[in-house]
1. Which pairs do you get when a residue that is in a strand (DSSP E or B), found in the range 19-30, comes within reach of a residue that is among the hydroxyl-bearing types (Ser, Thr, Tyr), reach meaning Cβ atoms under 6 angstrom, with the pair 6+ apart or on two chains?
2. Go through the range 184-199 and count every residue that is of a type in the set (Phe, Trp, Tyr), more than 21 Å from Thr274 (Cβ to Cβ) and in contact (Cβ under 8 Å) with a residue 40 or more places away in the chain.
3. If you check every pair at least six apart or on different chains, which have Cβ atoms under 6 Å apart with a residue in the range 167-183 that is in contact (Cβ under 8 Å) with a residue 24 or more places away in the chain first and a residue that is in a loop (DSSP other than H, G, I, E, B) and open to solvent by 40 Å² or more (accessible area, probe 1.4 Å) second?
4. Considering the range 77-101 alone, what residues qualify as being in contact with a strand residue (DSSP E or B) (Cβ under 8 Å, 6 or more places away or on another chain) and open to solvent by 40 Å² or more (accessible area, probe 1.4 Å)?
5. Farther than 30 Å from Arg78 by Cα, open to solvent by less than 20 Å² (accessible area, probe 1.4 Å), at pLDDT 95 or above and of a type in the set (Asp, Glu) - does that describe any residue in the range 228-247?
6. Which members of the range 6-53 meet the condition of being open to solvent by 60 Å² or more (accessible area, probe 1.4 Å) and among the basic types (Lys, Arg)?
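The values are calculated or read from the model by the stated rules, or taken from the named source; none is laboratory data. Note that the structure is predicted; figures quoted are calculated from it, not measured. Using ideal geometry, Cβ is built from the backbone for each residue, glycine included, and neighbour counts are taken over all protein chains shown. Note: areas computed on protein heavy atoms with side chains; ligands, DNA, RNA excluded. Shrake-Rupley method; radii C 1.70, N 1.55, O 1.52, S 1.80 Å.
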Amino acid sequence: MTLDTVPLDIDHLRSWIGRSTTLDDLVTAVPIQALTATLDRDDAPVGPADALPPLWHWLYFLPVHRQSEIGPDGHPKRGGFLPPVPLPRRMWAGSQLEFLAPIHVGQAISRTSTIADVRLKEGRSGPLVFVKVRHEVSADGTPAILEFHDIVYRDLAQPGEAPPPGVPAPADAAWTRRIVPDDVLLFRYSALTFNGHRIHYDRKYVTEVEGYPGLIVHGPLIATLLLDLLRRERPQARVTHFAFKAMQPIFDIAPFEVCGRPDDAQHVSLWARTPEGQLAMQATATLA
């Protein structure tokens with residue numbers, strides 16, 4: 001039975017609510033040095049007094065499933081910790097994070113993940129299933145990050161189906177950085193996060209099976225680039241809250257821009273702009 005023939009039983013999927021799993025890890029320096037190089041920086045925070053930049057905890061707690069457990073899209077087969085949603089496209093829709101305490105190299109970290117909600121909505125092209133996961137990260141036993149991770153599942157595009165209309169990106173950026181999303185950047189980020197999702201590196205799969213025009217830039221990479229822009233402009237700022245929402249995908253076929261502006265002393269708006277000037281991701285950051 002394929003995903004196409006499995007009925008979408010939302011009551012069954014909602015029975016996953018409350019399921020929980022805990023992973024332990026150690027903050028080592030090499031992934032930090034590698035992401036620093038991938039972001040084209042040379043200031044890896046690897047000293048004992050250096051805190052991880054926000055979102056860099058995504059370098060840890062990696063999904064190390066056995067090869068025989070991987071599904072046709074490169075993700076683990078459905079029905080483990082995450083509910084077995086019978087829709088083929090899976091995307092990181094957004095996150096909301098609270099940074100409670102710094103995380104340093106050498107610390108033992110732990111993450112408890114819980115399925116917080118599963119909801120069915122009807123989109124313009126068919127059903128959408130949203131799964132919300134709550135992550136609680138601690139460092140040496142001290143609560144460090146509270147994160148809510150939104151995942152969306154949807155059907156494949158139909159032949160001739162037009163993409164949804166976009167929203168124009170804001171035109172009042174105070175900061176802008178041009179990003180060239182080539183194959184190497186996407187490969188390196190996939191490797192760093194041990195992300196086997198084929199939409200990020202397998203051009204034949206993403207264009208012929210999922211119907212996209214090119215490789216898709218990772219949502220968490222775009223979010224990381226947004227906060228990296230803030231870090232470049234305000235290197236001493238400490239982020240206490242960050243939330244982002246993916247609006248439409250960005251592909252590797254043309255450069256895009258990450259943009260931002262301070263709204264006041266404590267609040268910053270950030271966004272990613274497609275080559276056509278559309279809003280790809282919108283985000284807000286709160287500073288201490």
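1. Taking only residues 6 or more apart or on different chains, the pairs are Ser20/Thr114; Thr21/Ser113; Thr22/Thr112; Asp24/Ser110; Asp25/Tyr60.
2. 1
3. From the range 167-183, the pairs are Arg178/Pro255; Val180/Pro255.
4. Hits for the range 77-101 are Lys77, Phe81, Arg90, Met91, Trp92, Gln96, Glu98, Leu100.
5. Yes, the range 228-247 contains at least one residue that is farther than 30 Å from Arg78 by Cα, open to solvent by less than 20 Å² (accessible area, probe 1.4 Å), at pLDDT 95 or above and of a type in the set (Asp, Glu).
6. Passing the criteria: Arg14, Arg19.
Residue-wise test of (1) under 24 Å from Pro213 (Cβ atoms); (2) surrounded by fewer than 18 Cβ atoms within 10 Å (Cβ to Cβ).
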site: Ile103; (1), (2): no, no
site: Val118; (1), (2): no, no
site: Gly126; (1), (2): yes, yes
site: Val137; (1), (2): no, no
site: Leu146; (1), (2): no, yes
site: Ala157; (1), (2): yes, yes
site: Ala169; (1), (2): yes, no
site: Trp175; (1), (2): no, yes
site: Asp182; (1), (2): yes, yes
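Quick grid of which residues meet (1) assigned to a loop (DSSP other than H, G, I, E, B); (2) among the aliphatic types (A, V, I, L, M):
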{"site": "Gly196", "(1), (2)": "yes, no"}
{"site": "Tyr205", "(1), (2)": "no, no"}
{"site": "Leu227", "(1), (2)": "no, yes"}
{"site": "Arg232", "(1), (2)": "no, no"}
{"site": "Pro235", "(1), (2)": "yes, no"}
{"site": "Ala243", "(1), (2)": "no, yes"}
{"site": "Ser269", "(1), (2)": "no, no"}
{"site": "Pro275", "(1), (2)": "yes, no"}
